Amino acid sequence: MRRALAVVILGLAAPAVAGTVAGRVEVLEKGGRRLTDLSDVVVYVDGAKGRLKPARATITMKGKAFTPRVLVVGVGTTVDFPNEDPIFHNVFSVSGENRFDLDLYKRPKSGSWTFEHAGLARVYCNIHPQMSAVILVRDNPFFTKAAADGTFVLEGVPAGKYTVKAWHEKGGEAATEVSVAVEGKASADLKLDASSYKQVAHKNKYGKDYSTDEKY
Ligand SMILES: [Cu+2]
């Protein structure tokens with residue numbers, strides 16, 4: 001009884017060792033205009049240590065498009081790719097260690113892939129070149145997507161000095177240093193420059209140009 005009580009007291013007395021990183025991202029486009037919907041900006045803490053739990057996420061294929069188009073997950077997350085179209089799609093990536101290829105399938109079938117390596121996986125359909133998605137795979141759990149207005153909050157970050165990074169498909173990457181104090185709140189504002197972004201046609205899974213006639 002006395003021992004149980006001691007454990008409870010110790011538990012209560014244990015100091016919180018984590019803090020919060022909060023801030024805002026901004027993406028500048030051509031002509032100095034600001035991007036108005038920032039919900040596809042990914043923000044993460046680089047170098048922090050934290051346990052990742054196995055998780056599951058979904059990218060749906062519908063209307064010859066991947067939704068969501070941008071996803072951030074931790075290493076070990078399985079992503080399901082259900083096809084809700086009555087036509088065949090294929091899902092593949094040739095991005096380094098995250099290379100994978102799911103067979104052709106159509107509604108109501110689904111395929112999945114477990115991402116075991118940190119990095120950026122560009123995901124395409126081998127039939128429809130207009131279908132593309134990006135999955136950022138992170139080695140710690142301190143990541144999020146910004147809200148539409150660009151604000152973000154990352155909670156439970158262990159105290160320490162880190163680089164906070166923001167990534168956007170057209171704006172590349174921006175970084176800033178933060179110092180997270182125990183129970184403290186560090187702020188991080190990041191500006192991404194998408195003004196010189198140019199869309200480049202990607203290759204199919206064989207490294208070739210897509211044929212102009214869709215067969216499926
Ligand atoms: Cu497709």
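Every number in this text was worked out from the coordinates using simple rules, so none of it is lab data. Source: prediction; values computed, not measured. Heads up, the Cβs are rebuilt from the backbone with ideal geometry, glycines too, and the neighbour counts pull from every protein chain shown.
Tabulated data for the structure shown
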read-out	value
Count - residues of the range 47-62 that are part of a strand (DSSP E or B) and surrounded by 14 or more Cβ atoms within 10 Å (Cβ to Cβ)	4
Residues (part of a strand (DSSP E or B), within 13 Å of the ligand (Cβ to nearest atom) and either polar (S, T, N, Q) or under 13 Å from residue 80 (Cβ atoms) (or both)) located in the range 113-128	123
Number of the condition not met by residue 79 [criteria: (1) farther than 22 Å from residue 175 by Cα; (2) away from the ligand (no atom under 14 Å from the Cβ); (3) β-branched (Val, Ile, Thr); (4) surrounded by fewer than 16 Cβ atoms within 10 Å (Cβ to Cβ)]	(4)
Residue ID - nearest to residue 70 (Cα to Cα), chosen from residues in the range 129-149 that are surrounded by fewer than 20 Cβ atoms within 10 Å (Cβ to Cβ), within 16 Å of the ligand (Cβ to nearest atom) and not polar (S, T, N, Q)	131
